[in-house]
Amino acid sequence: MFFILSIISPNTFSIFIVFLAYFIPAKLGFFIALPPDNATAIWPASGIAAAAVIFFGYKTLPGVFLGSLVANLTNFTCSLELFINKAFNFIDISLCIASGATIESFTVVFIIKKLIGYPSSLSHWHDILILFIIAGMVGAIPSPTIGVTSLYFKGIIPFDNYLYNWWTWWIGNSMGIIVFTPILVAIFTPNEYI
């Protein structure tokens, strides 16, 4: 076991941690999701992934992509037999959704690092407003835009439901970022900044 861990680079290990940080909450989130676009009132994976990328850096964004890709592929296909037979039917949508999740994480982390800074105590009202309004609301735009558009073009959702699906997806991701990112940042930030 030690030999295996010694040959894995720190970057590969960090990407794996970020993969798990997205994949596990995403799979749990699908249990409370509403079809056809799997939107939820809160999507913890968005906030947890953003916090993980804040801690480990932009080089771990492939972990968000892979976590979202695998979570969505396994969500569209519920068993191994179905996965083998139907994975190619949903690979395009899953790739688009994974791209949206990755762009979202990048955007949120970029906003937080550039406008607030990290590490930060998040003790000023200005920092909280930036986190809530800009990072949480604006940063969450790429994922529902790319995801719902791909579901529409695939014929899974009709155009009449496009805005509703976009809105519910955006709300869930925004709430995930607003709730989980600051909690995790506060928990894992060195004590001298809090």
Would you kindly derive the ³J(HN,Hα) couplings of the range 147-163 from the backbone phi angles with the Karplus curve 6.51 cos²θ - 1.76 cosθ + 1.60 (θ = phi - 60°), listing them in order in whole Hz, with x for Gly and Pro?
x, 5, 4, 5, 5, 5, 5, 7, x, 7, 10, x, 4, 4, 9, 4, 5
Ignoring any ligand, DNA or RNA, what whole percent of the accessible area of the range 139-182 comes from carbon and sulfur when the probe is 1.4 angstrom?
74 percent
At 1.4 Å probe size, what's the solvent-accessible area of LYS59? Round to the nearest 10 Å².
110 Å²
Each label point is 7 Å from the Cα along the Cα-to-Cβ direction; what then is the distance between the points at LEU95 and MET137, in nm?
3.5 nm
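The values are calculated or read from the model by the stated rules, or taken from the named source; none is laboratory data. From a predicted model like this one, the values you see are computed outputs, not experimental measurements. So basically every Cβ, Gly included, is an ideal-geometry build from the backbone, and we count neighbours across all protein chains shown. Each accessible area value is taken on the protein alone, full model and side chains, heavy atoms only, with ligands, DNA and RNA left out. Shrake-Rupley method; radii C 1.70, N 1.55, O 1.52, S 1.80 Å.
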